[in-house]
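First comes the structure, then the notes that go with it.
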Amino acid sequence: MLNKKLISKVIGSLLLLEASFMVVCVLMAICYHSPDLWPFTFSTLLTAFAGYGLLRMGFGAPTTMSRRDAYVVVTLTWVTFSIFGSLPYLFGGFFGSAKFYDISGIWHITTDAFFETMSGFTTTGASMLNDVEAALDSHHSMLFWRSLSQWIGGLGIVFFTIAILPSMVGNTMKVFSAEATGPIRSKMHPRLSATAMRIWWVYIILTILCGLFYCLEGMDAFSAINYAMTTTATGGFSIHNDSIAHFGSPVIEYTALAFQYLAGINFSMLFMIIAVRKLSSWREFKRSERSKWSDFLRNEEWRFYTIVLLATTFVMAAILIMSNGYGMEEAFRKAGFQAVSMMTTTGIFCDHVGAWPHITWMILALLMFVGACSGSTTGGFKSSRALMILKVVRNEFVRMMHPRAVLPVKINGKAIPSAMVHSLMAFFAIYMMAIFGTMALMMAIGTDVTNSAIISLSCINNVGLPLNELGPDMTWSSLPLWVKWVCTALMLFGRLEIFNVLILFTSPFWKDN
């Protein structure tokens, strides 16, 4: 049976943590004299009260957590965080207002607020606000909360908790497995909490560096902080309608491109590169540094990620030069930016891609599906899985000529267990079913093919493309109510990689044995 007291204790503690994040928004509202002071004050008090109540209910709970408890904790945490994270939107009236007896109106407002919050925490970036600048003008706290929600969700809510409060979550490895993305998960330290802390330090350093570069390149401090958080989280929320293109600066575009690319690399690998070891001599230090860079450059997933980006950038740049008359530098900058934005599932634009040749749309859709490296802040299928599938296909061709050959699938020189390969194929099958099933659903209600594809790929891959960028004029807020809930569920499924959520709806999961 489920350890309900322990689940209550963990979720209660996490809600108190969320309330502490809201306190930052309260302080920001005071500093900027923002009109959303009281919405955040009420939201903070309600979240803290609920968290304290759940924590008291779980008082004295044993710290042993089963695998079943871990899956329930992770899914409930993301749902609960999104419910309470939507309170500032509701109290602030950012999606309209309704009388207490207007059930339909309340339900519409609640749906939009929950969609926006889930889109933030899952780093999807799809927004119900068609005009961010008009809707959130002078609402500095609300703009900051949208960016902060993506930054928190970038590496995972529970993973953040493991880093700062390891004693609060029992059996951290089971919880980590239920939330981590990608088939290959690396540990840098015997204690997972130490690994989590190191990875979060890399994340924080990247965010600070990104913000500093933005400031040096002309952004004001508030804009730099917000864009730094959403860039390193590969989220896509923006404080301007046209995102990075608002600044019209090639230097800023190059900076955003570079930090999106870095955020798409496995953070464990990034830590191993920048970590400084205590060595006895300069010669030993140089040998250690050469070894670290050699391991990094030989990593097959990183090489696949980088080669795919370079190849697609060259192809799209050539197409833009020949078809759209772009100059050499502009073509490579625009093509490289969009390639990185799509493959890291950030989903921001620096150009009107709708005017690009249609073949580039197919390339960007493929990049969006493949995704970047495991253990990064990105969504998508993940480069490691795509690489494994290519190797499975290659092995099948070889096996046709040599039926008795033993052909293991190897990544970085290590054979992948057959059970993991079977799991990969099952994941690929259900991933494709989710994409095409959503497309069929969208077309059944009269949505055009282009927007149907954008909606399905955006939600399951956590990309959050603007619907009117490629297809006919359409927005996320114009979707039917029940479709918004379907999209919200798909965002969660994509962030927790489908199986970790779907397992809760299977009968074997709830059997005592």
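Quick look at the numbers
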item	result
Candidates D69, D36, filtered to the one that is under 30 Å from I225 (Cβ atoms), crowded, with 18+ Cβ neighbours inside 10 Å and under 27 Å from the mean Cα position of the chain (by Cα)	D36
Residue in region 384-398 that is part of a loop (DSSP other than H, G, I, E, B), among the small types (G, A, S) and open to solvent by 10 Å² or more (accessible area, probe 1.4 Å) present	no
Conditions (1) assigned to a helix (DSSP H, G or I); (2) closer than 22 Å to S127 by Cα; (3) in contact with an Asp or Glu (Cβ under 8 Å, 6 or more places away or on another chain); number of the one not met by F349	(1)
Residues satisfying the stated conditions in region 193-219, i.e. surrounded by 15 or more Cβ atoms within 10 Å (Cβ to Cβ), aliphatic (A, V, I, L, M), part of a helix (DSSP H, G or I) and modelled with pLDDT of 85 or more	V202, L206, L209
Flag for A405 being assigned to a helix (DSSP H, G or I) and either at pLDDT below 90 or buried (at least 18 other Cβ atoms within 10 Å of the Cβ) (or both)	no
L90 vs. criteria part of a helix (DSSP H, G or I), open to solvent by 30 Å² or more (accessible area, probe 1.4 Å) and modelled with pLDDT under 90	no
Extreme residue, modelled with the highest pLDDT, among residues of region 408-455 that are under 22 Å from M342 (Cβ atoms) and of a type in the set (S, T, N, Q)	T438
Residue within region 285-295 that is open to solvent by less than 20 Å² (accessible area, probe 1.4 Å) and modelled with pLDDT under 90 present	yes
Qualifying residues in region 353-362 (those that are touching a residue at least 40 places away in the same chain (Cβ under 8 Å) and open to solvent by 30 Å² or more (accessible area, probe 1.4 Å)) - the one nearest to E301 (Cα to Cα)	W361
Answer residue from region 3-20, given it is in contact with a helix residue (DSSP H, G or I) (Cβ under 6 Å, 6 or more places away or on another chain) and among the hydrophobic types (A, V, I, L, M, F, W, C) and is most open to solvent (accessible area, probe 1.4 Å) among those	L16
Filter pass, S418 being open to solvent by 30 Å² or more (accessible area, probe 1.4 Å), over 23 Å from T75 (Cβ atoms) and either of a type in the set (G, A, S) or under 23 Å from the mean Cα position of the chain (by Cα) (or both)	yes
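The values are calculated or read from the model by the stated rules, or taken from the named source; none is laboratory data. Since the model is a prediction, treat every value here as computed from it, not as a measurement. Note that each Cβ is placed from the backbone with ideal geometry, even for glycine, and that neighbours are counted across all protein chains shown. Ligands, DNA and RNA are excluded from the accessible area calculation, which covers all protein heavy atoms including side chains. Shrake-Rupley method; radii C 1.70, N 1.55, O 1.52, S 1.80 Å.
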